[in-house]
Every structure is written in structure tokens, then in C-alpha cells.
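> Just dropping this structure here.
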Amino acid sequence: MRVVAGELRGRRLASPPRGADVRPTSDRVREAIFSILGDISGAGVLDLFCGTGALAIEAISRGAPRATLVDDHISLAQANVDKLDLDDRCTLVRADVLRFLRRDPGSYELVFCDPPYRLADRLEGKLESLVAPRLAKGGRLIVESAARRPLQLGLPTLSKHGYGDTVVTIHGHTEGASG
């Protein structure tokens, strides 16, 4: 696994061992996501269920000034942030994502959400109500989920793309969100 583009292009990222619960976003899917997003210079990033931190790190490599990475297991993300010397641009939060969203007052232009596929049913309603207020005006929520059981959120959908067994849905800012 490598950073696909930007200032850190080609740098290797620590990957989980085979059989681990962490399912990192593939280089191919990350490249496609960022091609769809276009210029993200200046965007504040929130990476929920960050795993290896690859999405947030890719965003920083492509011009995002800061990122908050949240997961209940952050050792791989921490290793990658340390390895790439991004401690001053990344805030790592070891927490349950739903609890974090309930207490975080932040507003973000890009929110990545890549929960374990097996949790889709349990998370849908909660994520929708907790993530929408975190989107800055004009912000986008990028959700990665299983093609056989996509995460259904009632937020406006800007685009939806399939990549093998993965579906990436990009939602837009909703009225009433902070910003």
C-alpha cells in the first residue's frame, strides 16, 4: 500500500497483517475517490473508522492542511502518521466513532467514513444524524461500503461508484449543517 499522489506520492504505508479486522481502502479505490473529489487544497478532513489512516494521509498529501483520524484501534494509523512525519498535521483520536461524533464540535469539508462492512445495519441511522452536522457548508461525505450491502444514508447523493465488492457514495452538504 502506497500514497498515490501529491507530496508523499510513492511513500509506503503500513498494512494490517492478513486476517486482521482492518480492511484498508485499496490504492485503486483511493485514486478513484480523489479523482472524483478534485482539488482538496485547504480542506479540513475527518477520517472515521480510519484503520491505516490511508484516506486522511492521501488527503494531506494532496493539499489538505489538517486531518482528524478516529478509530477504536489506531495503532496502524499512528504508525503511518509517525513514519511520514505528519504528527503536526494529523490528530489521532482513539475512540468509538459514534461517541466521538456526539461530542466533537468540529466542522469539516471532507468526511471519510469506511466502517466495517458487518456494521452497516447498526450504523446507518446513527451515522446520518451524527455526521451531517459535522459537514461544513459545501462539504462532502465519502462513504465506502460493501457492494452487496451498501450503507444507506438519507443525505443528498452527489455520486455513486462501484469498484468490485466496494461501493463509494459521495454525499453533499445538507441544510442545517454547521458552517
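The values are calculated or read from the model by the stated rules, or taken from the named source; none is laboratory data. These figures come from a predicted structure and were not determined experimentally. We place every Cβ from the backbone using ideal geometry, glycine too, and count neighbours over all the protein chains shown.
> Criterion first (farther than 17 Å from Ile33 by Cα and among the hydrophobic types (A, V, I, L, M, F, W, C)) does Val131 satisfy it? Spell out how you get there, then give the answer.
Working: farther than 17 Å from Ile33 by Cα: yes; among the hydrophobic types (A, V, I, L, M, F, W, C): yes.
Answer is yes for this residue.
> Going through Glu58, Glu109 one at a time, which residue ends up being in a helix (DSSP H, G or I), of a type outside the set (A, V, I, L, M, F, W, C) and under 15 Å from the mean Cα position of the chain (by Cα)?
Criteria check complete, one pass: Glu58.
> Of the residues in the range 1-15, how many are more than 9 Å from Glu58 (Cα to Cα) and in a loop (DSSP other than H, G, I, E, B)?
7
> Going by what's in this entry, would Pro115 be described as modelled with pLDDT under 95 and either in a helix (DSSP H, G or I) or surrounded by 13 or more Cβ atoms within 10 Å (Cβ to Cβ) (or both)?
Judged against the criteria, Pro115 is a match.
> Count, please, the residues in the range 138-153 that happen to be at pLDDT 90 or above and loosely packed, with under 12 Cβ neighbours inside 10 Å.
Summing the residues that are at pLDDT 90 or above and loosely packed, with under 12 Cβ neighbours inside 10 Å in the range 138-153 gives 1.
> Condition (residue is under 20 Å from Glu31 (Cα atoms), surrounded by fewer than 18 Cβ atoms within 10 Å (Cβ to Cβ), at pLDDT below 90 and among the charged types (D, E, K, R)) applied to the range 154-175: is it met by at least one residue?
Taking every residue of the range 154-175 in turn, at least one turns out to be under 20 Å from Glu31 (Cα atoms), surrounded by fewer than 18 Cβ atoms within 10 Å (Cβ to Cβ), at pLDDT below 90 and among the charged types (D, E, K, R).
> Further, regarding this structure: Can you confirm whether Leu13 is over 23 Å from His161 (Cα atoms) and either of a type in the set (Val, Ile, Thr) or buried (at least 21 other Cβ atoms within 10 Å of the Cβ) (or both)?
So Leu13 passes the test.
> Here's something else I'd like to know. Taking the residues in the range 21-44 that are among the small types (Gly, Ala, Ser) and either at positive phi or part of a loop (DSSP other than H, G, I, E, B) (or both) as candidates, determine which candidate is surrounded by the most Cβ atoms within 10 Å (Cβ to Cβ).
Looking at residues that are among the small types (Gly, Ala, Ser) and either at positive phi or part of a loop (DSSP other than H, G, I, E, B) (or both), I get Ala43.
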